[in-house]
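Novice: Submitted below is the structure of interest, expressed as structure tokens.
Where a number appears in this text, it was derived from the coordinates with a stated rule and is not lab data. Quantities reported herein were computed from a predicted structural model and do not represent experimental measurements. Virtual Cβ from ideal backbone geometry, glycine too; neighbours counted across all protein chains shown.
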Amino acid sequence: MTLEKLSLQTPLIDIKGVGPKFVERLKNLNIDTVKDLLWHFPFRYEDFSNISKIKDLKTGERATVNGVVKDVKMRRTWKKRMILLEAVVADETGTVKAIWFNQKFLITILKKGTTINLAGKVQEDKKGSMFSHPMFEILSKKTIERLKEGDIEEIISDLDYFKHTGRLVPIYPETARLTSKAIRYLIKGVFDNVEKIAETLPDEILKKRGFLEINDALKKIHFPDSLEEAKDAKKRFSFEDLFYLQMSNIRQKKKLAKQKAYVFAFDEKYAESLINRLPFELTGSQKKAIFEVLRDFEKGHPMNRLLQGDVGSGKTIVAIIAALIVARGNKPFDYAQGEQSAFMAPTEVLARQHYQTFKKFFTKFEKGVCLLTSSEAKIFYGDDMEVVLKKPELIKKISFGEIKIIIGTHSLIQKSVDFKDLAFVVIDEQHRFGVDQRAELVSRKFSGENKILPHFLSMSATPIPRTLSVTIFGDLELSIIDELPKNRKPIITKVVAPENRNKVYAFVRGQVKKGRQIFVVCPRIEIPQDEELEKKVVYKSMFSSWEDTRAVKDEYEKLSKKIFPDLNVDMLHGKMKAKEKAEAMKKFKDKKTDILVSTSVIEVGVDIPNATIMMIEGADKFGLAQLYQFRGRVGRGEHQSFCLLFTDSAAKTTYSRLESLVNAKSGFELAEMDLALRGPGQFLGQSQTGIPDLAMKAAQNPEMVKEARESAEEILNSDPELNNYLFLKNHLEQFEKDVHLE
């Protein structure tokens, strides 16, 4: 590796000794530059600082031993699906066995006579102690000589001697054919040769909070001498990410407050007339949400609001009423008046659902509501008048402002789609869109000279705990619908033991005979071939049970041919073409299908009042919030509904986790449990938010969130334009670019 000084912007491919294959694997972890690599932080540490003699090893402890390889052999096992490599290592006090699975390349590395360190958890063997899949480190001649001199304490504190054993060892997020060991090796070489990194936090914050200086923190997060050091380093970087996130949120709020937006006067009588046309009574929280949105319309600067509510709580109606207010404009007696609204949904199924909801409840709307997806282009003008067009024709009408409400998918952000006077944007299930896609619709250029920004309403049926909402979506105002429509029956939820499967099948048949319909959800589309499965397996004890996980195609074959050959069974999954998916959903909605076997594609936007059973196979493979979404697909009609959770896992923790879905009183209560179990990154989908991992984890620490926001407010209140913090300003702009904040 080159000894030239490296900058944070240096591409790893330019570093001598870092080959193209290595760089390609690093790209799978979004690591391209020196900065990316140094900010690829460990997610845990293995404590191998206990250096022991072989005779002193104790079962269950984590330890490092130093010895010489006496014997190495390799053989196949478990019906030739596994390769077992076994080495015997000896020191002056005895011998210990080490085994690795599917690591046949080690036969060329661990040669007899090689001096190595072994580190791992000590296990019991018939002939003494053993290590299973231990870390190892081949010692250099220099290290061996120092060991002979007895300088063990000095050696283990020097990274030039021990990097992977004999100390606190960092474990990193990995990818195929790229281990933590390789990452550690590269980080050590890069860290030794990188130029001094400029501090990214203001001095007053470092002093007030007692944080480590950035270069010191980087060393201690990657190569700590103690867990306390690692904790201090992580705390500094966690705070830093939260601080910049809060800086961005506050600045975004201030920026929006200066922008212009369409103003719509709050006509309470007109709003009430729209609500009174509905064949059902809105809940109190729905009315409150409508009131909050309409009040925002009066302010003259762009609304930026998140509307949260459980599945089936009626968020769509809130958005539709707001869109009708926008379409009416401020001169209700002039037909030409009124501005445009756009609804963007993540799937065609959901977009079509919104379109049908509008048609169902507002049959007299004459200003045009359209559906634009990759496979459909149609306009509804009220009184059952619907026109199917070619997409270019519909796009032309949108650009001329002839259509006031536009509902669609990603099709709405095509370059060919333009708006005349887009005043209101609704994005449903916004966490399912990439942030760039969301920003494209909110801030796109409009035809003509209109530079007024649209009001923005983001909707989500994934209940997000308030601490997380305030942190991640701190620039958004929050509206919550925490009531379900009246007369909804609670969904009976059960965790089903494997031995009761046949009883469930009998129950399903009985429900179908009564005219009801069934959802069956599986975690995957199909089971991979053995070759793919091999890639997932490191050694026998690490089997994840994915090989036994039920798949849509197999479950469809079983149910349609063996269990219910007399019933109409169909399937739905993401690899099907749009027309095939639309046809499958239409057949189910038209009651031509009794049982629909699907992947999570039905998680949002499917409204089938006649469906009363949600069977979830491999329920332990889904997050609690996702299971809650699935359950919300039933219980939408007058009939009693059921959610049945299947798992082949015998683990008590699995049953306990699934039982929390049975016992949770609300989606928000369940979200808190899910957040605690999975962490914010998995809960929200880090790739969809763009938020750094440490900030996501720190979001669970309300005190740190509060401190970060206080620090951000102090600086922005004293210097709104950051004229005295030019480095901070530049770093903030880079942070916003890196995490794609809108």
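Novice: Sort Asp296, Asp267 so that the residue with the fewest other Cβ atoms within 10 Å of its own Cβ comes first and the one with the most comes last.
Specialist: On the way: Asp296 22, Asp267 14.
With the fewest neighbours first, Asp296, Asp267 line up as Asp267, Asp296.
Novice: What residues from the range 619-655 fall in the zone where the backbone N is under 17 Å from a label point 7 Å along the Cα-to-C-beta line of Asp554?
Specialist: 619-622, 646-650
Novice: Roughly what would the spin-label model give for Glu228 and Glu268, points 7 Å off Cα along C-beta, in nm?
Specialist: Result for the modelled spin labels: 6.3 nm.
Novice: Gain in length, Thr77 to Thr363, computed as 0.36 nm per residue apart minus the alpha-carbon separation, to one decimal in nm? Intermediate results must be reported in sequence, preceding the final value.
Specialist: Numbers: separation 286, 0.36 × 286 = 102.96 nm, distance 6.87 nm.
Taking Thr77 through Thr363 to full extension adds about 96.1 nm, to one decimal.
Novice: Taking H placed 1.01 Å from N in the peptide plane, check which residues at least 5 places from Asn304 or on another chain put their amide H under 5 Å from its amide H.
Specialist: Amide H to amide H, under 5 Å and 5 or more residues apart or across chains, Asn304 pairs with Phe456, Glu477.
Novice: For the range 209-317, state which GluC sites (Glu not before Pro) are in a DSSP loop and have at most 11 other beta carbons lying within 10 Å of their beta carbon.
Specialist: Numbers: sites: Glu213, Glu228, Glu229, Glu240, Glu268, Glu272, Glu281, Glu292, Glu298; in loops: Glu213, Glu281, Glu298.
Those satisfying the criteria are Glu298.
Novice: Output ³J(HN,Hα) for the range 256-273: one whole-Hz value per residue in order, computed from phi by the Karplus curve 6.51 cos²θ - 1.76 cosθ + 1.60 with θ = phi - 60°, and x for Gly and Pro.
Specialist: 5, 5, 8, 7, 9, 9, 4, 9, 10, 5, 7, 8, 4, 5, 5, 4, 5, 5
Novice: Something else now. Show me the trypsin sites (Lys or Arg not before Pro) within the range 200-278 that DSSP assigns to loop and that have at most 15 other Cβ atoms within 10 Å of their Cβ.
Specialist: Lys260, Arg277
Novice: Modelling each spin label as a point 7 Å along the Cα-to-Cβ direction, I'd like the Arg177/Asp14 distance in nm, to one decimal.
Specialist: For Arg177 paired with Asp14, the spin-label model returns 2.6 nm.
Novice: DSSP loop trypsin sites (Lys or Arg not before Pro) in the range 1-96 with at most 11 other Cβ atoms within 10 Å of their Cβ, which ones?
Specialist: Details: sites: Lys5, Lys16, Lys21, Arg25, Lys27, Lys35, Arg44, Lys53, Lys55, Lys58, Arg62, Lys70, Lys73, Arg75, Arg76, Lys79, Lys80, Arg81; in loops: Lys5, Lys16, Lys53, Lys58, Lys79, Lys80, Arg81.
The qualifying sites are Lys5, Lys16, Lys58, Lys79, Lys80.
Novice: I've got another one for you. Under a point spin-label approximation (7 Å from Cα along Cα-to-Cβ), what is the Lys5-His639 distance to one decimal in nm?
Specialist: 7.5
Novice: On to the next question. Want the number for Lys299 to Lys577: 0.36 nm per residue separation, take away the alpha-carbon distance, what's left?
Specialist: Working: separation 278, 0.36 × 278 = 100.08 nm, distance 4.40 nm.
So the chain would gain 95.7 nm between Lys299 and Lys577.
Novice: If each residue of separation counts as 0.36 nm, what is the full-extension length gain between Leu106 and Asp216 once their alpha-carbon separation is subtracted? Could you put the intermediate results ahead of the total?
Specialist: On the way: separation 110, 0.36 × 110 = 39.60 nm, distance 3.54 nm.
Gain on stretching Leu106 to Asp216: 36.1 nm.
Novice: Can you give me the relative contact order of the range 45-171 as a percent, contacts being Cα pairs under 8 Å and 6 or more apart? It would help to have the intermediate numbers written out before the result.
Specialist: Details: 277 pairs, mean separation 35.8, N = 127.
Relative contact order of the range 45-171: 28 percent.
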